[in-house]
Ligand SMILES: [Ca+2]
Ligand SMILES: [Ca+2]
């Protein structure tokens, strides 16, 4: 699967999520921290993914990878400040292996705005490049978002001006990460919220302070 094909798949997944109405937490918080268990990385055989003509995320043939540490999310912190929104992710291990890796975040807000964020890194660009996308139209927003991937500390940090989300009163997020070993024909992934291969639930609402 090419990078652009993976990006299209991610956009399709984002569109599916945008239709979902699951997850309507009501708690007030400017900072939300949540943990994810170790050893819950999954993988997908890319050939199977293409040949089986998957039309629904529920049909993807996931395989558990309890021994894979790379890309295993342990903890996520979402902050919603007066001017910026930040996301910090701790991994069990974050290495420059395979052809590329990525972080995929979906946001929704009180104004109805939806945003898909994709941070891609890989051979020749392990520092990574980030896109903030308005799902549906697929429009890429140039709103001053920045990122840092720290392979020594096993962390990823994302920082967004609140304008990226239309200055919302609150926002909710769902997050996952993945990496690819194309020679072996496999993609590995972990969502930040539970031990299942996929997560459709958003966090509770996180209000600006
Ligand atoms: Ca995990
Ligand atoms: Ca998980």
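The values are calculated or read from the model by the stated rules, or taken from the named source; none is laboratory data. Predicted, not measured: the structure shown is a model, and the values here were computed from it. Neighbour counts are summed over all protein chains in view; Cβ atoms, including those assigned to glycine, are modelled from backbone coordinates with ideal geometry.
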>> surrounded by 17 or more Cβ atoms within 10 Å (Cβ to Cβ), at pLDDT 95 or above and more than 16 Å from ligand 2 (Cβ to nearest atom): which single residue out of 96, 115 fits that description?
In response: 115
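Do we find a residue being within 26 Å of residue 99 (Cβ to Cβ) and within 16 Å of ligand 1 (Cβ to nearest atom) anywhere in the range 144-154?
Filtering the range 144-154 down to residues within 26 Å of residue 99 (Cβ to Cβ) leaves 145-154.
Going one step further and asking which of them are within 16 Å of ligand 1 (Cβ to nearest atom), we end up with 154.
Yes - at least one qualifying residue is present in the range 144-154.
Quick grid of which residues meet (1) touching a residue at least 24 places away in the same chain (Cβ under 8 Å); (2) touching a strand residue (DSSP E or B) at 6+ places or on another chain (Cβ under 7 Å); (3) away from ligand 1 (no atom under 15 Å from the Cβ):
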site	(1), (2), (3)
60	yes, yes, yes
63	no, yes, yes
69	yes, yes, no
85	yes, yes, yes
